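The structure under discussion appears below in the form of structure tokens.
The values are calculated or read from the model by the stated rules, or taken from the named source; none is laboratory data. Note that this is a predicted model, so its numbers are computed, not measured. Reconstructed Cβ throughout: ideal geometry from the backbone, glycine too, with neighbour counts over all protein chains shown. Calculation scope for accessible area: heavy atoms of the full protein, side chains included, ligands and nucleic acids excluded. Shrake-Rupley method; radii C 1.70, N 1.55, O 1.52, S 1.80 Å.
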Amino acid sequence: MAGRRKFLKVAGATGIAGLTGLSGCTGGGDGDGGDGDGGGDSTTAESTATTSSGPAEITFTLTPAESEVDVRKQYQPLFDYLESEADVSIESSVAADYAAVYSSLESGQTDVADAAPAIAIQSADNDVAEVAGIRIAYGAAKYFSLITTLPDSDIESLSDLESETVAFADRLSTSGSIFPLYMLNDAGLDTGGAPNGTPEDFEGQWSDHSQARKTLINRDPVVAAGTGAFSTAGHVPKDQFSDQFLEMSAENDGDLGTADPELQLLAESNPIPRAPILMRTGLDSTVKSDVTEALLAAGEEDLINEDLGDDQQLWFTGLSEGTVEAYQPVRDAFEALGVDLGNA
């Protein structure tokens with residue numbers, strides 16, 4: 001196994017570049033394109049921009065999980081809700097990747113962020129940001145990572161992936177990279193420098209959840225995909241899932257196995273705490289308190305826009321109180337992979 005690595009120091013270099021094209025508006029955007037359509041004024045690390053008579057201005061940074069979804073449209077109901085309930089004016093940005101989210105929080109360009117658990121851990125360790133709330137989807141506080149293959153492939157177990165090519169989501173995605181790698185490592189495959197570097201026993205390709213799924217379906221030589229269950233569970237017959245998954249997963253909504261084409265389940269993770277909304281530590285305390293209170297009070301009716309199609313809806317329906325300690329299982333996965341989320 002590779003030695004411990006200061007992962008985000010390396011990944012963040014790419015992330016900073018990805019932030020240079022962030023959009024400064026909350027209207028339509030490029031979805032998963034990463035870059036926006038213009039550049040708004042940055043929020044400084046020392047203070048939040050305000051007007052003498054108007055609401056506080058905050059920057060909310062998003063990270064798309066699936067390329068066919070316009071993440072700004074998904075989040076617009078939440079933005080509208082926060083502007084109404086917390087007396088803030090929101091400027092949204094779309095980051096290139098999760099490492100870019102951390103870099104933006106650290107530099108003070110971002111006040112509130114849609115982030116992966118890994119970013120919550122790194123941010124807490126370095127006093128950059130804190131957990132404002134943990135997302136809940138239709139009552140489910142935890143979710144799952146899946147590794148899937150095609151039914152007609154010769155892949156029947158994770159050990160069969162030795163010397164093969166596997167598609168993953170963002171390198172820092174908990175369900176689309178870290179936990180799939182964790183499962184492969186547990187199966188005896190040498191994950192080498194992944195997620196930042198190169199695996200030893202297989203080839204890895206990283207993109208986003210939907211692209212990983214599509215690459216598995218459409219492109220040789222990829223023979224398996226590691227994704228969040230929300231991306232691939234609908235393609236897997238219900239009888240392939242564990243009772244634990246069926247009892248705890250929001251994806252068990254009657255649609256399991258109904259999507260085309262059918263995929264075969266190779267591995268299912270243990271339950272993972274859902275991702276957080278993060279708040280920059282240096283944000284004005286009154287603004288921080290007002291926004292956190294509003295986030296925790298939000299309900300499904302505040303977050304779901306019935307005018308959008310089902311595949312464009314925000315993928316969580318509320319938030320619960322939580323701290324970085326909730327993500328110990330994620331920290332354990334990083335440690336098993338030899339990745340040190342210490343000081344960046």
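Quick one: would you say Leu337 is open to solvent by less than 40 Å² (accessible area, probe 1.4 Å), under 25 Å from Thr110 (Cβ atoms) and either touching a Phe, Trp or Tyr at 6+ places or on another chain (Cβ under 8 Å) or charged (D, E, K, R) (or both)?
no
Tally up the residues in region 67-89 that are open to solvent by 50 Å² or more (accessible area, probe 1.4 Å) and closer than 24 Å to Ser285 by Cα, please.
Summing the residues that are open to solvent by 50 Å² or more (accessible area, probe 1.4 Å) and closer than 24 Å to Ser285 by Cα in region 67-89 gives 5.
Which count do you get for residues in region 117-151 that are farther than 23 Å from Asp332 by Cα, surrounded by fewer than 19 Cβ atoms within 10 Å (Cβ to Cβ) and modelled with pLDDT of 95 or more?
Of the residues in region 117-151, 2 are farther than 23 Å from Asp332 by Cα, surrounded by fewer than 19 Cβ atoms within 10 Å (Cβ to Cβ) and modelled with pLDDT of 95 or more.
State whether the residues of region 177-186 include one that is touching a helix residue (DSSP H, G or I) at 6+ places or on another chain (Cβ under 8 Å), at negative phi and charged (D, E, K, R).
Taking every residue of region 177-186 in turn, at least one turns out to be touching a helix residue (DSSP H, G or I) at 6+ places or on another chain (Cβ under 8 Å), at negative phi and charged (D, E, K, R).
Looking only at region 157-199, which residues are more than 22 Å from Tyr327 (Cα to Cα), in contact (Cβ under 8 Å) with a residue 12 or more places away in the chain, open to solvent by 40 Å² or more (accessible area, probe 1.4 Å) and not hydroxyl-bearing (Ser, Thr, Tyr)?
Passing the criteria: Glu162, Glu164, Ala187, Gly188, Asp190.
Before we move on, is Ala99 open to solvent by less than 20 Å² (accessible area, probe 1.4 Å), within 30 Å of Leu189 (Cβ to Cβ), touching a Lys or Arg at 6+ places or on another chain (Cβ under 9 Å) and modelled with pLDDT of 70 or more?
Yes.
Please determine, by comparing only the residues of region 297-334 that are of a type in the set (Ser, Thr, Tyr) and open to solvent by less than 60 Å² (accessible area, probe 1.4 Å), which one is nearest to the chain's Cα centre (by Cα).
Across region 297-334, the extreme among qualifying residues is Tyr327.
Select from region 243-284 the residues that are open to solvent by less than 30 Å² (accessible area, probe 1.4 Å) and β-branched (Val, Ile, Thr) and write down the one among them that is nearest to Gln122 (Cα to Cα).
It comes out as Ile277.
Taking the condition buried (at least 24 other Cβ atoms within 10 Å of the Cβ), touching a residue at least 12 places away in the same chain (Cβ under 8 Å) and outside any strand (DSSP E or B), does Ser93 pass?
no
Which residues, counting only those in region 191-235, are modelled with pLDDT of 95 or more, among the charged types (D, E, K, R) and touching a helix residue (DSSP H, G or I) at 6+ places or on another chain (Cβ under 9 Å)?
Asp201, Arg213
For region 96-127: of the residues being assigned to a helix (DSSP H, G or I) and of a type in the set (Ser, Thr, Tyr), which is nearest to the chain's Cα centre (by Cα)?
Within region 96-127, the match that is nearest to the chain's Cα centre (by Cα) is Tyr98.
Do we have Ala225 as open to solvent by less than 10 Å² (accessible area, probe 1.4 Å) and in a helix (DSSP H, G or I) here? Reasoning before the result, please.
Details: open to solvent by less than 10 Å² (accessible area, probe 1.4 Å): yes; in a helix (DSSP H, G or I): no.
So Ala225 does not fit the description; no.
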